[in-house]
Amino acid sequence: QVQLVESGGGLVQAGGSLKLSCTASGRASAMNWYRQTPGNERDFVAGIIGGSSTNYADSVKGRFTISRDDATNTVYLQMDSLKPEDTASYYCNAITETDGHYRNYWGQGTHVTVSS
């Protein structure tokens with residue numbers, strides 16, 4: 001069982017920056033960020049596998065940067081040039097692999113509001 005604790009959400013003006021953090025209680029093969037707005041599905045934002053293989057949703061490419069610190073099992077999401085449409089609850093996701101079996105874990109979410 002892996003527990004995820006997120007932090008860093010808040011209110012920011014358009015064009016500003018925020019940095020989200022998510023610390024896992026154990027090692028994960030891959031860590032991702034998703035976001036969700038009321039009435040909508042949870043959408044992929046960014047992911048990192050191992051130490052350097054990253055992937056981003058088209059809507060955040062060039063503005064968001066995902067990174068991880070394996071020493072502390074923490075993944076970060078640096079969000080720059082924020083837009084009102086980035087307003088959402090952001091969820092950390094960790095994927096663990098044991099003997100070929102994969103498990104998904106989710107954080108409780110942290111809310112980001114971008115004002116225009």
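The values are calculated or read from the model by the stated rules, or taken from the named source; none is laboratory data. The model shown is predicted, which means the values in this text are computed figures rather than measured ones. So basically every Cβ, Gly included, is an ideal-geometry build from the backbone, and we count neighbours across all protein chains shown. The protein model used for the area step is the full one, side chains on, heavy atoms only, and it has no ligands, DNA or RNA in it. Shrake-Rupley method; radii C 1.70, N 1.55, O 1.52, S 1.80 Å.
Can you tell me the Rg and Dmax of segment 1-60, counting just the alpha carbons, in angstroms?
13.1, 38
For the chain, what's the relative contact order in percent, using C-alpha pairs closer than 8 Å and at least 6 residues apart? Let's see the in-between values first.
Values: 288 pairs, mean separation 41.4, N = 116.
Result for the chain is 36 percent.
Please compute the net charge surrounding Ala14, taking Lys and Arg as +1 and Asp and Glu as -1 over other residues with Cβ under 14 Å from its Cβ.
-1
Let's see if you can work this out: charge +1 on each Lys and Arg Cβ, -1 on each Asp and Glu Cβ, no other charges. What is the dipole magnitude of the chain about its Cα centre, in debye to the nearest 20?
Dipole of the chain, to the nearest 20 debye: 120 debye.
If each residue of separation counts as 0.36 nm, what is the full-extension length gain between Glu85 and Val5 once their alpha-carbon separation is subtracted?
26.4 nm
Starting from the Kirkwood radius over alpha-carbon pairs of the chain, derive D by Stokes-Einstein at 4 °C in a medium of 1.567 mPa s and give it in µm² s⁻¹. All intermediate terms of the calculation are to be shown ahead of the outcome.
Working: Rh = 14.2 Å.
Stokes-Einstein gives a translational diffusion coefficient of 92 µm²/s.
So, for segment 47-116, what is the accessible surface per residue at a probe of 1.4 Å, expressed in square angstrom? Walk me through the numbers on the way to the answer.
Working: 3670 Å² over 70 residues.
With all protein chains present, segment 47-116 gives 52 Å² per residue.
Taking all protein chains in place and a 1.4 Å probe, what share, in percent, of the accessible surface of the chain do carbon and sulfur account for?
45
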